[in-house]
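Encoded as structure tokens, the structure appears first; notes follow it.
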Amino acid sequence: MNNVQLYTEISLLPASLKQEVKDFVDFLKTKSQSKSKITEREFGCAKGLFTIHDDFDEPLDDFKEYM
């Protein structure tokens, strides 16, 4: 679909639907801008931000009756 066909289709819509088309176009613009801001993360960038306890893999006391 070229620009003229798209414009023709939009111009035939009622005003309420034209507003929805405009809102959707704004959404698409925002979506494409936010994707461009994402940068590749460096390996290990979260190192030291959290710790895992030694007993992490141990069964929880709350589930003993099910085991």
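Based on DSSP H segments of at least four residues, each scored -39500 (n - 2.57), the chain has a per-residue ellipticity at 222 nm of -16000 deg cm²/dmol. Each residue of segment 15-30 was assigned a 3J(HN,Hα) from its phi angle through the Karplus expression (A = 6.51, B = -1.76, C = 1.60, θ = phi - 60°), giving 4, 5, 6, 4, 5, 5, 4, 4, 4, 5, 4, 4, 4, 5, 5, 5 Hz with x at Gly and Pro. Pairs of lysine residues in segment 3-66 that meet both criteria, 8 or more places apart or on different chains and Cα atoms under 20 Å apart, total 4. Placing +1 on the Cβ of every Lys and Arg and -1 on the Cβ of every Asp and Glu, with no other charges, gives segment 3-66 a dipole of roughly 940 debye about its Cα centre.
All of the numbers you see were taken from the coordinates with simple rules; none came from a lab. What you see is a predicted model; the values in this text were computed from it and never measured. A quick note on method: Cβ atoms are made from the backbone with ideal geometry, for glycine too, and the neighbour counts reach across all protein chains shown.
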